[in-house]
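Notes follow once the structure below has been shown.
Only the coordinates and a few stated rules stand behind these numbers; no lab work does. The structure presented is a predicted model; accordingly, all values stated were derived computationally and were not measured. Here the Cβ positions follow ideal geometry from the backbone for every residue, glycine too, while neighbour counts run over all protein chains shown.
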Amino acid sequence: MLSQYFFILIMSGLAVVLPLAAIVMGHFLGPRRPDEIKNDIYESGVETIGETWVQFRAQYYLIGLVFVVFDVEALFLFPIAVAYQQLEMFAVLATIFFVLLLVIGLMYDWRKGALEWQ
Amino acid sequence: MVPLSWYLMLAAFLFSCGLYGALARRNAIAMLMGIELMLNAANINLVAFWRHGVGPMEDLTGQAFAVLIIGLAAAEAAVGLALIIAVYRERRTIDVDELDLLSG
Amino acid sequence: MDTALLFDNAVVLLPELVLAVGVMVLMMVDIGRRGQNGSQLLAGLSVAILLLGIGASVMIWGRAPVEYLDGAISDGFALSVRLVILIAGVLGVLLSRNWFPAIERQGGAFYSLHLLAVIGMMLMGTATNLIVLFIALEIFSLALYILSGFYRENARSIEAAMKYFLLGAFASTFFVYGCALLYGAGGSSKFTQIHETLATGGGNPSLVLPGIALLLVGFGFKVSLVPFHMWTPDVYQGAPTPVTAFMSVGTKAAAFAGFFRLMMTALPSFHDQWAMPLAILAVLTMTVGNLTALRQSSVKRMLAYSGIAHAGNILIALVAGTAAASSAAAFYLFAYAFMNIGAFTVTIALERQYGNENDVEQSRLAGAAERFPVLAAAMAIFMLSLSGIPPLAGFFGKFLVFKAAVEAGWAWLVVIGVLNSAVSAYYYLRIVVAMYFQQPEQAGDEKEQPFVPASRSSVFVVVVSVLAVVVIGLQPGLWADLLRGLGQ
């Protein structure tokens with residue numbers, strides 16, 4: 001029952017307190033002598049060139065959207081895979097129909113140029 | 001065992017978080033994120049009701065419903081983000097307060 | 001279950017299946033075509049698919065209702081709603097045909113989404129299961145979000161789509177949360193099973209009322225009931241007018257059909273609890289819709305608020321909650337489809353006269369009867385029908401709904417409905433008066449503009465709508481017998 005979760009509660013408490021304590025103590029105890037080099041974003045790295053908030057090309061989003069949709073559709077195939085041994089004919093046909101729909105969607109994307117990288 | 005009401009409270013809390021996000025933020029993508037949270041709150045409810053609810057557990061309705069909602073949420077996000085991109089191209093902003101061409 | 005039986009019974013979903021296959025064919029034809037050729041072919045093809053869908057519904061008309069896979073049923077009510085939606089779909093495609101600049105390039109996407117919206121709406125009327133109901137809602141909503149942003153050259157269109165999407169997705173989360181609570185209450189997602197569990201004292205009745213409240217937000221948004229109506233005028237005004245015409249009718253028919261079936265088959269034992277809140281919403285919706293419509297200067301926004309008021313009228317039928325009331329609602333929606341799409345078609349024709357601005361100001365209608373006698377006459381008929389003046393179709397819709405409500409003991413609600421109809425007559429008739437009895441302000445340059453002939457398909461839509469409004473009005477009994485309610 002709930003007593004089992006008590007240990008998890010203690011663990012989570014510790015997990016929050018310990019790192020916090022380390023940060024807070026470091027903040028108070030450590031010496032602080034900032035100079036220009038130490039305040040750099042990459043103290044020992046290469047200087048950044050230009051804005052860091054660059055905008056990605058819309059193409060990335062397009063491919064990303066197509067990916068999201070097809071990726072999640074795989075979710076519907078998962079239960080079918082789990083229950084594969086006991087599937088009825090009707091379920092198999094329904095699955096084939098479903099995959100066919102995805103194929104048509106993919107073909108549509110492809111022929112409409114959504115997958116092309118200009 | 002964790003009682004049903006705890007799950008329901010968690011779901012209600014998540015729903016409220018999403019509601020706050022969807023209402024308080026003016027950025028369209030942040031609003032969309034709030035909406036996704038609200039959908040997932042419903043998913044928690046569904047799975048909790050399947051496991052601890054009044055129906056028989058062999059009846060997988062709650063799980064099936066949750067899976068379908070995940071799929072629909074993805075479709076919704078895809079449509080929404082596409083619309084947001086279209087708006088951004090047109091107006092250079094996705095702040096909903098600045099979309100004010102329509103008013104009567 | 002037996003595989004052969006599963007295939008046999010699939011006939012209850014024949015119209016949806018025909019359209020689904022049609023969408024795939026449409027997409028295939030679209031990727032096969034070269035460049036900008038063949039967008040007229042796509043339009044013709046989608047009309048043919050929708051007509052096949054109507055044929056399929058007529059074919060299964062009158063069959064004994066069969067519930068398919070615990071999720072969909074094809075009873076008289078579902079068929080009636082299907083007919084309304086398919087008609088709205090055909091008329092919507094015909095209107096869109098020559099309207100868009102973008103349709104030459106993206107016709108395939110447009111018509112596929114249009115048909116998908118029709119499929120979702122039809123499923124909504126057949127759903128007997130929370131899961132199917134939610135999926136149907138999402139199918140047509142997602143399609144409509146994109147369709148309302150299809151006029152890409154117009155910044156208002158894409159803004160309307162974004163607003164519609166954000167608010168629509170927001171509302172559907174309430175809807176799905178409500179579904180989850182109802183599932184928790186009844187232990188099943190099947191409407192009849194939920195009713196059985198709750199009526200026999202089982203389940204978790206304390207979850208029912210919160211569930212109904214949340215579902216009401218979702219439905220209220222889709223049919224634009226008053227506290228949830230803020231999106232309606234913006235989206236109706238910004239969306240391409242053919243899409244607005246289709247959406248205003250289709251969404252209402254679909255969402256009301258789903259709402260009726262859910263409330264009347266899953267939760268009839270809670271009628272005492274939900275009837276009063278819905279009655280208050282109906283009063284609010286009618287009153288706010290009509291009073292705000294009085295102040296609109298744009299024709300499309302006026303029609304949007306008039307649509308809100310009509311949603312209030314149909315809600316009265318749901319408050320009554322009887323079988324007769326649901327068939328009255330089906331009749332109301334049937335009549336509304338023609339008169340509302342007709343009114344939007346005339347608006348489209350006038351838009352073309354006044355320079356394609358995706359909207360018409362009411363002030364420009366002054367003296368329109370002189371310049372466009374046919375359009376003005378058609379508009380007058382639609383306005384009279386919308387305001388419920390006998391013997392046109394709109395009158396009998398209202399009459400049947402009010403009659404059913406009085407029989408169910410909601411006389412006070414009907415009194416408010418009738419008073420509201422009187423208010424609504426003012427802004428409908430104002431358009432007629434402007435067209436026939438007012439002089440255009442700057443008569444000089446208005447007259448110099450050349451007459452732009454309306455496209456053949458929109459002329460067809462206007463003729464069909466006028467005929468339907470008049471014929472339904474003259475022979476209401478015939479149609480009232482044809483359109484069935486729940487459990488009839």
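Side notes on the structure shown:
- About the centre of its Cα atoms, the range C:9-482 shows a dipole size close to 280 debye [charges on the beta carbon of Lys, Arg (+1) and Asp, Glu (-1) only; nearest 20 debye].
- With respect to chain B, whose longest principal axis is taken over its alpha-carbon atoms, helix B:61-91 is tilted by about 10°.
- Alpha-carbon Rg with Dmax, taken over the range A:58-111, Å: 13.7, 45
- Helical mean residue ellipticity (222 nm; -39500 (n - 2.57) per DSSP H run of 4+; nearest 500) of the protein assembly as shown: -25000 deg cm²/dmol
- Set C:LYS252/C:LYS300; C:LYS252/C:LYS398; C:LYS163/C:LYS190 screened for pairs whose C-alpha atoms are more than 23 Å apart: C:LYS163/C:LYS190
- Calculated from backbone phi, Karplus (6.51, -1.76, 1.60) coupling profile of the range A:82-90 in Hz, x at Gly/Pro: 5, 9, 4, 4, 10, 6, 7, 4, 4
- R0 of 51 Å, Cβ-Cβ distance C:LEU419-A:VAL16: FRET efficiency to nearest 0.05: 0.20
- Ranked C:LEU123, A:LEU100, criterion: other C-beta atoms within 10 Å, fewest first: A:LEU100, C:LEU123
- Once the Cα atoms are used to define both axes, helix C:76-96 deviates from the longest principal axis of chain C by about 30 degrees.
- Positive-end ranking of A:ILE41, A:ALA22, A:VAL66 along the dipole of chain A, with charges on Cβ about the Cα centre, is headed by A:ALA22.
- For the protein assembly as shown, with +1 on Lys and Arg beta carbons and -1 on Asp and Glu, the positive-most of C:ALA468, A:PRO79, B:ALA42 along the dipole: C:ALA468
- Spread of Cα-to-Cα distances over 5 Å intervals beginning at zero, given as percent, for the range C:6-146: 2, 11, 21, 22, 19, 12, 7, 4, 2, 0
- The radius of gyration of the Cα set in the range C:314-429, together with its Dmax, comes out at 16.4, 51 angstrom.
- Remark on C:GLY187: its backbone amide H falls under 5 Å from those of B:VAL54, B:GLY55, a criterion applied only to residues 5 or more positions apart or on other chains, H modelled at 1.01 Å from N.
- All-pairs alpha carbon distance profile, the protein assembly as shown, 20 Å steps from 0, percent: 17, 50, 26, 7, 1
- Rg over Rh [alpha-carbon atoms, Kirkwood Rh] for chain A: 1.25
- Ranking of C:ARG301, A:ARG32, A:ARG57 by neighbouring Cβ atoms within 10 Å, starting from the fewest: A:ARG32, A:ARG57, C:ARG301.
- Burial order of peptide ranges C:210-221, A:59-70 (average beta-carbon count within 10 Å, highest first): C:210-221, A:59-70
- For peptide A:85-95, the mean count of partner chain Cβ atoms within 10 Å of a residue's Cβ comes to 2.
- When the range B:4-97 is reduced to its Cα atoms, the Kirkwood hydrodynamic radius in Å: 14.5
- Computed over the range C:9-482, relative contact order equals 14 percent, with contacts defined as Cα pairs under 8 Å that lie 6+ residues apart.
- Model label sites at C:VAL66 and C:VAL452, defined 7 Å from Cα along the beta-carbon direction, differ in position by 5.0 nm.
- Bridgeable lysines around A:LYS38 (alpha carbons under 26 Å apart, same-chain partners fewer than 8 residues away excluded) are absent.
- Charged-residue dipole, Cβ positions (Lys, Arg, Asp, Glu), the protein assembly as shown about Cα centre, Debye nearest 20: 1040
- Bins of 5 Å, starting at 0 and running to the largest distance - Cα pair percent for the range C:179-338: 2, 9, 18, 21, 18, 13, 9, 6, 3, 1, 0
- Exercise: per-residue mean of other protein chain Cβ atoms within 10 Å, A:24-37: 0
- Within 10 Å of the Cβ of each residue in C:152-159, the mean number of Cβ atoms contributed by other protein chains is 5.
- Cα-based helix-to-principal-axis angle, C:411-437 vs chain C, degrees rounded to 10: 20
- Near C:SER298, the amide H atoms lying under 5 Å from its own belong to C:GLN362; only residues 5 or more places off or on other chains count, and H is placed 1.01 Å from N.
- For the range C:1-85, the Kirkwood hydrodynamic radius comes to 14.3 Å, computed from all pairs of different C-alpha atoms.
- Estimated FRET transfer efficiency (B:ASP95, A:ASP40; beta-carbon r; R0 35 Å; 0.05): 0.60
- Virtual spin-label span in nm between A:ALA81 and C:VAL11, 7 Å along Cα→Cβ: 3.9
- Ranking of C:LYS252, C:LYS403, A:LYS38 by count of other Cβ atoms within 10 Å, fewest first: A:LYS38, C:LYS403, C:LYS252
- Alpha carbon centroid spacing (whole Å) that separates the range B:1-32 from the range C:303-340: 35
- Amide H to amide H distances under 5 Å link C:ASN129 with C:PHE191, where only residues 5 or more positions off or on other chains count and H is placed in the peptide plane.
- Taking the empirical scaling 2.2 N^0.38 Å for compact globular proteins as reference, chain C has a Cα radius of gyration ratio of 0.94.
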